[in-house]
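Structure first, commentary second.
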Amino acid sequence: MDLSLKIAAQIHNFFQHQLNCIPPEMEGKILRVDVQIPTLEPLSWLAQQQSDVKTYWADRQGQFTMAGVGTLNTIAGDVPIDYPTIFGQLRQDLSPLFPRVRYYGGIGFSQNHSIDPSWKLFGNYRFIVPRFEIWTDGIDTFFACNFRCSRLDLSAQNLDSQQEKSYHPELATILAQLERLDFTQLEISSIPAPVVPMLRERVDIPNRRDWHQNIELALAKFSDLQLDKIVLARQSTLTFTTYIQPQSLLRFLKPNNPHSYHFCFQIDPTTAFIGTSPERLYYRRDRLLKTEAIAGTRQRGESAEIDLQLSHNLLNSAKDLHEHQLVVNNLHTILKELCHSVTIDRELTILKLNKVQHLYTQCNGVLNSDLTDAEILPKLHPTPAVGGFPRTQALKLIAELEPFARGWYAAPVGWVGCDETEFAVAIRSGLIDRDRLLLFAGAGIVTGSQSAEELAEIENKIRHFTDLFTELSSQQISDLSLA
């Protein structure tokens with residue numbers, strides 16, 4: 001049987017035989033049908049689909065990957081976020097009966113009343129439930145359909161197929177949308193290799209001169225503002241000879257950036273925010289809370305010996321150890337406020353990524369019983385690793401010195417479920433706007449920081465993007481075009 005027909009049959013079966021078993025209190029909540037399907041690569045499947053809105057999320061462990069098409073529901077806004085209200089809206093659609101229904105999205109780094117034009121479509125926050133999903137747990141692959149039904153729908157029983165289709169307009173809509181999905185390439189071996197476009201121009205804001213000046217200005221204010229650390233960032237705008245296909249670009253990035261969260265939030269055919277972040281903001285399952293400190297950076301060595309020397313240098317750098325300890329201390333203080341039990345790794349480790357390596361400490365806690373994500377997220381974001389410390393003074397100085405809008409860069413991105421939530425920190429990320437890719441990277445500035453060294457650090461942090469755009473053949477250009 002054709003895969004789309006198999007999926008349609010199971011969705012139809014749910015409406016005919018299982019919908020009437022759903023309790024009345026599920027009225028207005030999101031329901032879901034999951035169908036096990038043959039193995040396929042979700043990101044490549046997503047690139048094939050003709051949809052304005054596409055969503056992709058993959059965790060660091062390879063235990064969960066989701067590719068979403070279309071939108072069932074959106075909760076978004078341009079006004080500064082009211083955390084209790086927004087999380088309340090997210091939760092009211094979710095139920096333990098369908099634990100895999102999740103809202104995917106993010107929150108702006110700074111909650112501003114005026115949104116920069118580049119980030120207008122993303123707003124101060126935006127979360128969606130996709131209409132359709134392909135997801136995998138690392139072993140099996142599933143197709144999912146998310147939908148709502150009214151009280152009348154939930155009380156329907158024993159309808160034949162013709163009555164059912166007319167009685168349930170939602171089913172007719174689902175089946176019509178399902179017919180437009182493309183399942184022609186199911187074998188991973190049949191998927192064409194990803195390609196990248198030809199770079200035409202690059203502009204950095206701030207430029208080299210202004211970067212050095214910003215570092216000097218920041219360090220000069222440390223004493224007056226009683227600052228221990230500030231994270232200053234740079235925006236690099238890369239312009240290409242053709243429009244960029246977000247999923248194709250992420251397909252190229254993903255295998256070169258293991259042990260990272262991979263995400264793509266495509267808002268319309270030419271606008272998307274993508275990234276390969278190594279950093280978890282937090283994961284919560286019921287009352288268990290997991291977070292981490294990542295700060296202090298070195299590039300990777302060209303040989304095992306050089307790489308080990310760089311790791312040793314990082315572990316023995318007073319400046320980097322101080323920068324990292326600020327993050328650990330801050331997390332410890334916050335976790336003690338949120339949790340009745342806190343565990344911080346005593347042994348400092350190195351997190352090795354493809355282009356860079358970082359100092360890393362894992363931090364866990366058991367939450368106090370009355371706390372929700374509405375209290376947890378604003379306590380943890382932004383961490384000193386992306387903002388600075390103390391937070392208020394650092395954010396104020398960032399707003400004064402950075403000549404661009406961070407938008408969703410270094411902000412929380414992830415998903416919210418009924419009993420689980422996970423947010424990554426959206427570093428190693430870029431905003432796609434037609435033929436432009438806006439890349440962002442930051443460096444932690446503490447007493448003793450050298451502007452040239454910090455500039456080299458942020459250049460290393462975007463190398464997983466920029467290295468893709470070297471030594472390309474002209475034949476690749478048309479393959480990535482949206483035309």
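The values are calculated or read from the model by the stated rules, or taken from the named source; none is laboratory data. This one's a predicted model, so the numbers in the text were calculated from it and none came from an experiment. Cβ placement follows ideal geometry from the backbone for every residue including glycine, while neighbour counts extend to all protein chains displayed.
So which pairs qualify, if the first residue must be in region 332-353 and free of Cβ contacts under 8 Å to residues at least 40 places away in the same chain, the second must be assigned to a helix (DSSP H, G or I), the Cβ gap must be under 6 Å, and the two must be at least 6 apart or on different chains?
Val342/Leu335; Val342/Lys336; Ile344/His332; Ile350/Ser311
Being part of a strand (DSSP E or B), touching a Lys or Arg at 6+ places or on another chain (Cβ under 8 Å) and under 27 Å from Gly106 (Cβ atoms), is that true of even one residue in region 216-230?
No, the conditions are met nowhere in region 216-230.
Can you pull out every residue in region 215-242 that is under 30 Å from Phe127 (Cα atoms) and in contact with a Ser or Thr (Cβ under 6 Å, 6 or more places away or on another chain)?
If the condition is that a residue be under 30 Å from Phe127 (Cα atoms) and in contact with a Ser or Thr (Cβ under 6 Å, 6 or more places away or on another chain), then Thr242 is the only one that fits.
Determine which member of the set Ala399, Ala410 is in a loop (DSSP other than H, G, I, E, B) and either of a type outside the set (S, T, N, Q) or under 22 Å from Leu331 (Cα atoms) (or both).
Result of the check over Ala399, Ala410: Ala410.
State whether one or more residues within region 80-92 are out of contact with any His (no Cβ under 9 Å at 6 or more places or on another chain), part of a strand (DSSP E or B) and crowded, with 16+ Cβ neighbours inside 10 Å.
The answer is no, given that none of the residues of region 80-92 is out of contact with any His (no Cβ under 9 Å at 6 or more places or on another chain), part of a strand (DSSP E or B) and crowded, with 16+ Cβ neighbours inside 10 Å.
Based on what the data block shows, is Ile115 at pLDDT 95 or above, buried (at least 16 other Cβ atoms within 10 Å of the Cβ) and not polar (S, T, N, Q)?
Judged against the criteria, Ile115 is not a match.
Scan region 427-456 residue by residue and report those that are part of a strand (DSSP E or B) and within 13 Å of Asp320 (Cβ to Cβ).
Of everything in region 427-456, those that are part of a strand (DSSP E or B) and within 13 Å of Asp320 (Cβ to Cβ) turn out to be Ala443, Gly444, Ile445.
Step by step: first the residues of region 267-282, then only those that are more than 23 Å from Gly442 (Cβ to Cβ) and not polar (S, T, N, Q), then the one that is surrounded by the fewest Cβ atoms within 10 Å (Cβ to Cβ). Which residue is that?
Asp268
So how many residues does region 93-123 have that are over 13 Å from Gly77 (Cβ atoms) and of a type in the set (S, T, N, Q)?
4
Applying the selection to region 201-230, what residues are more than 23 Å from Leu439 (Cα to Cα) and among the polar types (S, T, N, Q)?
Listed by number, the residues that qualify are Ser223, Gln226.
Out of all the residues in region 199-209, which are in contact (Cβ under 8 Å) with a residue 24 or more places away in the chain and assigned to a helix (DSSP H, G or I)?
Correct list: Arg208 only.
Where residues in region 18-36 are hydrophobic (A, V, I, L, M, F, W, C) and in contact with a helix residue (DSSP H, G or I) (Cβ under 6 Å, 6 or more places away or on another chain), which of them is farthest from Leu90 (Cα to Cα)?
Val35
Can you tell me which residues in region 384-403 are within 21 Å of the chain's Cα centre (by Cα) and either within 24 Å of Ser118 (Cα to Cα) or without any contact (Cβ under 8 Å) to a residue 60 or more places away in the chain (or both)?
If the condition is that a residue be within 21 Å of the chain's Cα centre (by Cα) and either within 24 Å of Ser118 (Cα to Cα) or without any contact (Cβ under 8 Å) to a residue 60 or more places away in the chain (or both), then Val386, Gly387 are the ones that fit.
Output the residues belonging to region 236-266 that are over 24 Å from Gln63 (Cβ atoms) and assigned to a strand (DSSP E or B).
Correct list: Ser236, Thr237, Leu238, Thr239, Phe240.
Output the residues belonging to region 368-413 that are acidic (Asp, Glu) and buried (at least 16 other Cβ atoms within 10 Å of the Cβ).
Asp373, Glu375, Glu402
Is it the case, given these coordinates, that His212 is assigned to a loop (DSSP other than H, G, I, E, B) and out of contact with any strand residue (DSSP E or B) (no Cβ under 6 Å at 6 or more places or on another chain)?
Criteria not met by His212.
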